[in-house]
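The values are calculated or read from the model by the stated rules, or taken from the named source; none is laboratory data. Given the structure is predicted, the values throughout are model-derived calculations rather than measurements. Here Cβ is always computed from backbone atoms with ideal geometry, including for glycine, and neighbour counts include all displayed protein chains. Accessible surface is based on the protein model in full, side chains and every heavy atom, while ligands, DNA and RNA are left aside. Shrake-Rupley method; radii C 1.70, N 1.55, O 1.52, S 1.80 Å.
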Amino acid sequence: MPMKAIEIEDLLLKVFPDAIIKIDDLRGDGDHYAAYIESKKFLGKTKVQQHQMVYNALEGRMGNELHALALNTSTPKNGD
Amino acid sequence: MIDNIKNKIENLINNSDVMLFMKGTPSMPQCGFSAAVVGVLNHLGVKFDTVNVLQDQEIREGIKEFSNWPTIPQLYVKKEFIGGCDIIREMHENGELSDYLDEKGIKVN
């Protein structure tokens, strides 16, 4: 059962309440999204660790209900 | 994960400087994300080995648990997990990937 963008955003906000999140529906099939997430929680983490944090926030849906999620994680520019 | 699968994966990773777990083969990738990583490695002129996870269900699932990473492709350099398609693409775009490979003693164009 594919996912809605809002479902992804809700799951992410639960783990990254400070985050600025943008989700693009790449194909309109609920299965292929791109997500841009900026959060202080990524500070000091490697890219792999940042993406693993996002996958964990999605509670196992990545690779199952959610086939493709192009991820772009970043930390706030001025580190505030 | 059963030991023999873990050993199988470890052997594959330990016996190659650059190992890509992918869907399909470099000449016949079966997924856009796998094709993208192959493209980056070819563009950099890196010598790499691959495992077609579509031909081994044990590895296809085992590798995800091994690296705590839910998707394929997965790139390993000198036994270390570097990332999937997004990370490799991002590192390549900002020049980080060729620097990293240089640092690890991997020949790059």
Flag if B:L54 is under 16 Å from A:K47 (Cα atoms), modelled with pLDDT of 95 or more and touching a strand residue (DSSP E or B) at 6+ places or on another chain (Cβ under 7 Å) = no
Expected single match for touching a residue at least 40 places away in the same chain (Cβ under 8 Å), among the polar types (S, T, N, Q) and either surrounded by fewer than 20 Cβ atoms within 10 Å (Cβ to Cβ) or within 14 Å of chain A (Cβ to nearest Cβ) (or both) among B:N11, B:N109 is B:N109
Any chance B:F21 is of a type outside the set (S, T, Y), closer than 19 Å to A:H32 by Cβ and under 14 Å from the mean Cα position of the chain (by Cα): no
For A:H32, the lone unmet condition from (1) at pLDDT 95 or above; (2) farther than 22 Å from B:S67 by Cβ is (1)
All conditions in (1) open to solvent by 20 Å² or more (accessible area, probe 1.4 Å); (2) within 11 Å of chain B (Cβ to nearest Cβ); (3) part of a helix (DSSP H, G or I); (4) free of Cβ contacts under 8 Å to residues at least 24 places away in the same chain are true of A:L13 except (2)
Query - Check on A:K40, away from chain B (no Cβ under 14 Å), closer than 27 Å to B:L97 by Cα and open to solvent by 40 Å² or more (accessible area, probe 1.4 Å) - result: yes
Subset of the range B:64-73, residues farther than 18 Å from B:P29 by Cα and within 12 Å of another protein chain (Cβ to nearest Cβ), comes to B:K64, B:E65, B:S67, B:N68, B:W69, B:P70
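For every residue, the table says whether it meets (1) within 14 Å of chain A (Cβ to nearest Cβ); (2) out of contact with any Lys or Arg (no Cβ under 6 Å at 6 or more places or on another chain); (3) open to solvent by 60 Å² or more (accessible area, probe 1.4 Å); (4) more than 24 Å from B:I106 (Cα to Cα).
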{"site": "B:L44", "(1), (2), (3), (4)": "no, yes, no, no"}
{"site": "B:D49", "(1), (2), (3), (4)": "no, yes, yes, no"}
{"site": "B:R60", "(1), (2), (3), (4)": "yes, yes, yes, yes"}
{"site": "B:L75", "(1), (2), (3), (4)": "yes, yes, no, no"}
{"site": "B:I82", "(1), (2), (3), (4)": "yes, yes, no, no"}
{"site": "B:M91", "(1), (2), (3), (4)": "yes, yes, no, no"}
Counted residues in the range A:43-69 being away from every other protein chain (no Cβ under 12 Å) and not hydrophobic (A, V, I, L, M, F, W, C) come to 2
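Collect the residues in the range A:27-37 that are of a type outside the set (A, V, I, L, M) and either buried (at least 18 other Cβ atoms within 10 Å of the Cβ) or facing chain B (nearest Cβ under 9 Å) (or both), keeping them in residue-number order.
A:Y33
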Of the residues in the range A:48-80, those that are in contact with a helix residue (DSSP H, G or I) (Cβ under 8 Å, 6 or more places away or on another chain), open to solvent by less than 50 Å² (accessible area, probe 1.4 Å) and of a type outside the set (G, A, S) number 13
